[in-house]
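Okay, so here's the structure we're looking at.
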Amino acid sequence: MACAVALVGTGCGISPDAEPRDLAEDERIIAVAGVPVGADAEGADRIYLVGPGEDGLLRSVPREAVAGLTLMEILLLGPNEAEIETQFSTVIPSGTRLLQPARSRGSFLFLDVSSEISELTGDSLVQALAQVVYTATELDGIEAVQLTVDGESLSWPKANGETTTGALRTYDYPGLVRTAQPDYPGLPSGV
């Protein structure tokens with residue numbers, strides 16, 4: 001029993017500093033400078049990027065929200081260097097950023113972003129919106145995204161060509177994500 005108490009008492013062997021000090025370069029968690037590049041491809045959270053190949057389908061990649069960055073901010077950074085080498089990409093314009101911290105209410109996530117995303121049109125805009133919506137719904141309890149640009153509600157396209165100023169859901173962007181689910185077999189005739 002005494003050994004167990006001694007082991008627990010020593011913890012992991014990290015002692016507190018007597019006074020504040022600068023961290024050595026290799027002890028720092030994150031340094032943001034220059035052109036943004038995506039975070040390491042690890043963690044329990046997932047963002048959606050355009051996968052390699054001609055189909056242009058979105059694929060989820062692992063991320064860990066750390067050092068004050070939220071999952072949505074990590075999405076806006078785009079693919080990391082290893083993913084770029086394997087031909088992952090993003091259609092969300094470089095420079096797009098959150099203007100307010102993402103906030104949730106119930107199953108809705110409210111995002112206010114800079115105007116770069118509204119410069120997209122057609123399929124590129126639909127695909128960028130799908131990246132945002134699928135990533136947001138990876139967050140616990142989130143089922144829909146209310147997206148504004150500079151605080152203003154815009155009319156956003158869905159994959160079926162309709163537009164809405166309301167909340168966006170994954171159901172608005174079917175067929176844009178590569179899934180591990182096998183295709184469902186067709187129904188037998190006569191059913």
Point to revise | Members of segment 144-154 that are part of a strand (DSSP E or B) and open to solvent by 60 Å² or more (accessible area, probe 1.4 Å) | key: Glu152, Ser153
**Study point:** Selected residue (criterion: nearest to Arg103 (Cα to Cα)) from residues of segment 45-89 that are open to solvent by 40 Å² or more (accessible area, probe 1.4 Å) and of a type in the set (Lys, Arg)
**Key:** Arg46
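Name the one entry in Ala130, Ala167 that is at pLDDT 95 or above, among the small types (Gly, Ala, Ser) and under 23 Å from Asp55 (Cα atoms).
Working: Ala167 fails: under 23 Å from Asp55 (Cα atoms).
Ala130 is the lone residue from the list that is at pLDDT 95 or above, among the small types (Gly, Ala, Ser) and under 23 Å from Asp55 (Cα atoms).
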Review point. If you go through segment 172-184 one residue at a time, do you hit one that is at pLDDT 95 or above and open to solvent by 50 Å² or more (accessible area, probe 1.4 Å)?
Key: no
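Being touching a helix residue (DSSP H, G or I) at 6+ places or on another chain (Cβ under 7 Å) and more than 17 Å from Gly78 (Cα to Cα) narrows it down to one of Thr137, Thr96, Thr121, Thr165, so name that one. Let's see the steps before the verdict.
Working: Thr96 fails: more than 17 Å from Gly78 (Cα to Cα); Thr121 fails: touching a helix residue (DSSP H, G or I) at 6+ places or on another chain (Cβ under 7 Å); Thr165 fails: touching a helix residue (DSSP H, G or I) at 6+ places or on another chain (Cβ under 7 Å).
Only one candidate passes the filter, namely Thr137.
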Practice item. For segment 94-143, enumerate the residues that are open to solvent by less than 30 Å² (accessible area, probe 1.4 Å) and either assigned to a loop (DSSP other than H, G, I, E, B) or of a type outside the set (A, V, I, L, M) (or both). Key: Thr96, Asp112, Ser114, Gln131, Thr135, Ile142
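Can you tell me which residue in segment 63-120 is farthest from Thr165 (Cα to Cα), limited to those that are acidic (Asp, Glu) and at pLDDT 90 or above? I'd like the intermediate steps shown before the answer.
Filtering segment 63-120 for residues acidic (Asp, Glu) gives 64, 73, 81, 83, 85, 112, 116, 119.
Applying the additional criterion that residues be at pLDDT 90 or above yields 73, 81, 83, 85, 112, 116, 119.
Numbers: Glu73: 23, Glu81: 35, Glu83: 33, Glu85: 37, Asp112: 14, Glu116: 18, Glu119: 17 Å.
So the residue we want is Glu85.
The values are calculated or read from the model by the stated rules, or taken from the named source; none is laboratory data. What you are looking at is a predicted structure, and each value in this text was computed from that prediction instead of being measured. Here Cβ is always computed from backbone atoms with ideal geometry, including for glycine, and neighbour counts include all displayed protein chains. With ligands, DNA and RNA removed, areas are computed over all heavy atoms of the protein, side chains included. Shrake-Rupley method; radii C 1.70, N 1.55, O 1.52, S 1.80 Å.
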